[in-house]
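The structure appears below as structure tokens.
A short reminder: the numbers here are calculations on the coordinates, not readings from a lab. Worth saying up front: this structure is predicted, and the values here are computed from it rather than measured.
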Amino acid sequence: MFKNTKHGKIIMSKIADDNFNSVILRPYITEKTFNLIEKENKLTFIVSDKAFKKDVKDAIKRMYEGNVKEVNIFRTVQGKKAIVKFTKDDEARQLATKLGLV
């Protein structure tokens, strides 16, 4: 999907505006990602192959009401992963508890 901005630029996004459930597929938890929750206020998710950073940020805001500071996306054997850093201290742990990960 293409979006026009007020400055005439075109932004590419392959995710429909209201289809945020297709962006975040599932949380990804391992010992390493658990340490990210505890030490760096970050959560890791498996995301759609078509997702961009902005899509992930918007999906977290809409689905979980989280305040996202930063998103990093990379591809692995398990699929496309997004590491999301939250603005408020301990917000990653609260969301992980809400999702039943901790």
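The value given for region 14-77 is a Kirkwood hydrodynamic radius of 12.3 Å, derived from the mean inverse Cα-Cα separation. What separates the Cα centres of region 67-102 and region 41-64 is a distance of 8 Å.
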